[in-house]
Structures are given as C-alpha cells and as structure tokens.
Amino acid sequence: MTIDPANWEVALAAVFLIANAVLSLLLDLGFVRQMSIAAIRMVIQLSLVGLVLEVLITSQSPGLTALAATVMVAVAGYEIMSRQEHAIRGIWGYGLGAGTMLFGAALVMMFALNVVIRQDPWYDPRYAIPMFGMMLGNAMTGIAVGLNALSNDLLTRRAAIEAHLLTGATRWQALAATLRRSANAGLIPIINAMAATGVVSLPGMMTGQILAGADPSQAVRYQLLVMFLISGATGIGLVIALMGAALRLTDSRHRIRLDRLKRGD
C-alpha cells in the first residue's frame with residue numbers, strides 16, 4: 001500500500017503551524033513572522049521545484065540540469081553569507097562559501113552516480129538533482145556554521161592569537177585551536193544526525209521509501225548510502241572553506257586581518 005496525500009490533506013497538516021502561531025501570540029514568543037515567512041517560502045519553493053523537476057525529467061537535457069544546479073548553488077551561496085554574523089568582505093564573502101560547497105557536493109555526487117550507483121547517463125535529473133540537493137543542503141549548513149564559528153572565535157580570541165604570533169608562531173600554528181573548534185562546530189549537525197538516525201529519528205528519504213512501499217531493508221541501505229555521502233560532502237567543503245577563510249583573514253606576514261570582516265550589529 002502507498003500513501004499519496006491530496007492537497008487538502010497537506011493543508012490540513014498545516015493546522016499545527018497555526019497552533020504554534022497561537023502559542024507564540026499568547027506567550028509573546030515572537031516567532032510568528034519568521035515561521036509564517038518560512039512556511040510560505042517552503043510552499044512556493046517546493047511547488048516551483050516540482051514543476052521544474054517535471055520539465056527536467058521529461059527533457060533529459062544536461063544543459064537544463066546544469067542550469068538548475070547552478071541556480072541551487074547561487075541561492076545556497078547567498079544563504080551561507082546571510083547566516084554570518086561577521087561575513088568576509090567583498091567577493092570572498094560569497095565566493096568562498098559557494099565555491100567550497102559546490103566542490104564538496106559536486107565531487108561526492110559525481111562519485112556516487114558514476115561509481116556507486118552507476119547511473120547511465122549520470123546526469124539524469126531524476127537522480128542527479130535530488131542527490132545534488134541533499135549534498136548541497138547539508139554542506140551549506142556545515143560551512144555556514146563553521147565559518148561563523150571561525151569569525152566569532154577570531155574576534156573574541158584575537159589577543160591570544162596575536163600573542164602566539166608575537167612569539168614566532170606561524171598563522172597556521174596560531175589558528176590551530178580556532179580551526180579545530182570551527183571544524184567541530186560545523187560538523188556537529190551531521191554528526192548528531194548520524195548518531196540519532198535509526199534510534200531517535202527515521203530520515204526523510206528512508207521514511208518516504210517505506211511509505212511508498214519499498215522493502216525496509218532496501219530503504220535502510222539507501223539511507224546509509226546517503227548519510228555517508230552527505231558526511232563526505234560536508235567535511236570536504238567545510239575543511240576547504242575554513243582553510244580559505246583562514247588565509248583571507250590573515251596575510252603573508254602572519255598578521256590577523258579583521259578589517260576584512262564585516263562587523264555585525
């Protein structure tokens with residue numbers, strides 16, 4: 001048996017959003033506006049994505065698939081920059097997050113489609129776009145959290161870092177603890193997700209396959225595959241992003257360059 005919810009059933013599920021809004025108003029929690037905007041964006045975006053995927057799957061065009069992937073990267077890059085309390089100034093602020101996220105997600109996706117799944121053609125949008133989206137979304141979260149942790153750590157521990165530099169340490173030696181903390185922060189979401197998967201939560205892909213009638217053991221294998229790939233894309237993108245940010249926020253004379261950061265309010 002498969003479950004295929006109608007539009008009215010989906011709308012009925014939104015009653016819990018209304019309940020949250022009522023609670024926020026009664027308790028003066030202040031999240032009605034943010035939740036409403038997020039819900040409206042989600043409905044519009046998913047509806048448009050459904051239409052776009054229908055066109056892509058029908059056309060099987062590598063050019064259109066590449067265009068869709070480019071739009072996804074562009075939006076995700078903006079999201080990374082907007083989540084920074086102290087973003088790097090100039091093109092670095094956008095390019096560093098978008099570029100490293102694209103590299104990590106594309107590398108892992110290409111490996112999965114060509115080596116693991118062996119899909120022919122590998123750019124089939126039915127597989128490539130959902131796979132790329134999963135890699136991109138998780139890499140985006142990890143990189144955004146990691147870069148934000150790096151800039152905040154540099155600002156709060158500037159004196160200690162500069163003290164190391166004054167004693168003859170290189171920028172990499174002085175920033176070692178900062179990079180370690182930032183990497184740990186960026187990897188926390190995916191580590192928590194892997195640790196909780198199967199006991200605390202059943203991930204969306206696995207749940208969707210089971211609801212669609214797939215064998216649970218097969219759904220488990222697919223979910224393990226996806227989680228391993230996501231962790232790889234997140235780790236690769238995060239490490240490169242942190243190294244790039246460290247290079248940008250220091251110079252060849254091993255000085256901290258916080259003037260290259262936008263200061264938040």
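Computed from the coordinates by the stated procedures, all read-outs in this text should not be read as laboratory data. All values derive from a computational prediction rather than experimental measurement. Cβ placement follows ideal geometry from the backbone for every residue including glycine, while neighbour counts extend to all protein chains displayed.
Points worth noting:
- Segment 27-149: C-alpha gyration tensor shape, a/c 1.5 cut-off, then a/b vs b/c: oblate
- Translational diffusion coefficient (Stokes-Einstein; Kirkwood radius from C-alpha pairs) of the chain at 37 °C, 0.692 mPa s, in µm²/s: 158 µm²/s
- GNM top mover of Ala106, Ala69, Ala19 - the chain, alpha-carbon springs below 10 Å: Ala19
- Rounded to the nearest 500, the helix-only mean residue ellipticity at 222 nm of the chain stands at -25000 deg cm²/dmol, with each DSSP H run of n ≥ 4 adding -39,500 (n - 2.57).
- For Leu261, residues with placed amide H under 5 Å, excluding near neighbours: Arg89
- Amide H contacts under 5 Å for Arg83, placed H, 5+ residues apart: none
- Kyte-Doolittle mean at least -0.5 and Cα axial length at least 27 Å: DSSP H helices in the chain: 32-59, 62-82, 91-111, 125-156, 176-196, 216-248
- A Cβ-based charge dipole, computed about the Cα centre of the chain with Lys and Arg at +1 and Asp and Glu at -1, lands at about 1200 debye.
- q = 0.23 Å⁻¹: log10 I(q)/I(0) that the Debye formula gives for segment 1-94, counting C-alpha atoms only: -1.13
- In a DSSP loop and with at most 11 other Cβ atoms within 10 Å, the trypsin sites (Lys or Arg not before Pro) in segment 107-168 are Arg118.
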